[in-house]
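Quick note: the coordinates plus some simple rules give every number you see, no bench work behind them. For clarity, every value in this text was computed on a predicted model and none was experimentally measured. FYI the Cβ positions are ideal-geometry reconstructions off the backbone, even for glycines, and counts take in every protein chain you see.
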């Protein structure tokens, strides 16, 4: 690959690298370490020709090759088409359960550049930083290559608040595309998802930063990350740090969470084949009037359901606390060709704290529906009454 970029420009924030340096010190001692990733489709490896040519695996390979005396485990928790709102709800089971020592967080082209996603991103970041074993965190900001858009402004505010290291494709790869020195179709077929060459460029921005830390050229520490130190006061209202995802009782992480009341919905108890097998442990329904009711605790509530490319499909209404006037329509019809979508719809944003009922009721079905309505989960956050 002959593409040249200014790797130094990819460093968006040096931040506090003390945790990262500690991980590298442990690697030099030959310990076993877990290299973790959480993000969207780019992290999952979308449009790389093999799982081994995506940016995440290339970064994992850098760790293995740089510290051959250590033993490394690869943990990729990327799920395409998902945001940090879902990330905050699933990070415990999908990533932290593996006790990662180094974590890359990548949601800057999945999240919109809004205050809502600044808050959900902070919740995700705090969950990782607050883990008992003190994982190191690196924020990665990808970009849309046709217009330079991403959520970096919002995400970087969180990064600066916690003095987190971060790297950016907006300031490293994208300027070369704008200048015409890199042809966009040489690195991405759709101006977002990298091909193998694009994944290699993204990985090079990340590993350049890691190499500067390893060599001692980048230093920085902060009392916030001293052993036993508490995290800084949140920058946002921070409801999403305690978010939970409610699935049916067959899911392995449902102990202690109240199950819903079923009136026509049926639980799907099919075993999940990895985290990207998204449409599992939910509930299905086919008839108009079928309903399911949850009792949840929190001030922020969202639902996840399947939008299907198999048409026609049913539509449902989601009602919070019996407020039919403000019912939210959940239309399972998806007029796209790339596959079914895991849709996340917010029902309540910083509403009244405490218990709420959430009822999902089928409102529209067809004799020739190709698939049933699939409710994946309900997500509740803001359960601790934070200000």
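Odds and ends about this structure:
- Binned Cα-Cα distance frequencies in the stretch 1-103 - 5 Å width, integer %: 2, 11, 18, 20, 23, 18, 8, 1, 0
- A simple spin-label model places the labels of residue 185 and residue 311 2.9 nm from each other, with each point 7 Å out along Cα-to-Cβ.
- Antiparallel bridge percentage (DSSP; both residues within the stretch 7-225; nearest 5): 10 percent
- Angle in degrees between helix 115-129 and the longest Cα principal axis of the chain, rounded to the nearest 10: 60 degrees
- Each peptide in 94-104, 166-176 was scored by the mean count of other Cβ atoms within 10 Å over its residues; highest first, the order is 166-176, 94-104.
- When the stretch 224-275 is reduced to its Cα atoms, the Kirkwood hydrodynamic radius in Å: 15.0 Å
- Distance histogram in 10 Å bins (all Cα pairs of the stretch 243-381, percent per bin): 13, 45, 35, 8, 0
- Relative packing of 313-326, 49-62, which averages over residues the other C-beta atoms within 10 Å, highest first: 49-62, 313-326
- Tilt relative to the chain, helix 84-94 - C-alpha long axis, 0 to 90 degrees, to 10: 80 degrees
- Distribution of pairwise C-alpha distances over the stretch 70-115, 5 Å bins, in %: 5, 18, 30, 21, 14, 7, 3, 1, 0
- Remark: the stretch 7-225 projects, on average over all directions, an area of 10.7 nm² (convex hull of Cα atoms).
- Orientation-averaged projected area, Cα convex hull of the stretch 182-314 (nm²): 14.9 nm²
- Degrees between helix 152-161 axis and first principal axis of the chain (Cα, 0 to 90, nearest 10): 70 degrees
- Helix-only CD estimate at 222 nm, as mean residue ellipticity for the chain, using -39500 (n - 2.57) per DSSP H run (n ≥ 4): -7000 deg cm²/dmol
- Per-residue extension of 0.36 nm, minus the Cα-Cα distance of residue 345 and residue 254, leaves a gain of 30.6 nm for this segment.
- Considering all C-alpha pairs of the chain, those separated by over 27 Å amount to 50%.
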